[in-house]
Amino acid sequence: MEQMEKLRVLLPHWIEHNRGHAEECGKWSSFAHDAGEETVAAYLESAIAAMNQVSELLDKALLAAGGKMPEHEHHHHHHH
């Protein structure tokens, strides 16, 4: 697979993974807020905003690279 094609396969996974982290972080921010830990909640909210910005940049990179590759049938491993 050519490198740009590989990137077009990887980017959607990174975007999904990043959005999942932002969602999970939001749950913990709510927990921290409910526990009276406003400083912790504020830092988590700032981190979520940064993660959302990263997702937007990754979306733009994917679009600039030619968009998501058509579905492929081979199996691949996710590296975290």
(request) Return the calculated 222 nm mean residue ellipticity for the chain, to the nearest 500 deg cm²/dmol, obtained by summing -39500 (n - 2.57) across DSSP H runs with n ≥ 4 and dividing by the residue count. (result) -27000 deg cm²/dmol
(request) May I ask you to list the residues of region 1-26 whose amide nitrogen lies under 12 Å from a point 7 Å from Cα along the Cα→beta-carbon direction of A61? (result) 7-16, 18
(request) Would you please put 21-27, 32-38 in order of how densely packed they are, using the mean number of other Cβ atoms within 10 angstrom per residue and starting with the highest? (result) 21-27, 32-38
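Values in this text are rule-based calculations from the coordinates and carry no lab data. No experiment lies behind these values; they were computed from the predicted model shown. All Cβ positions, even for glycine, are placed from backbone atoms using ideal geometry, and neighbour counts span all protein chains on display.
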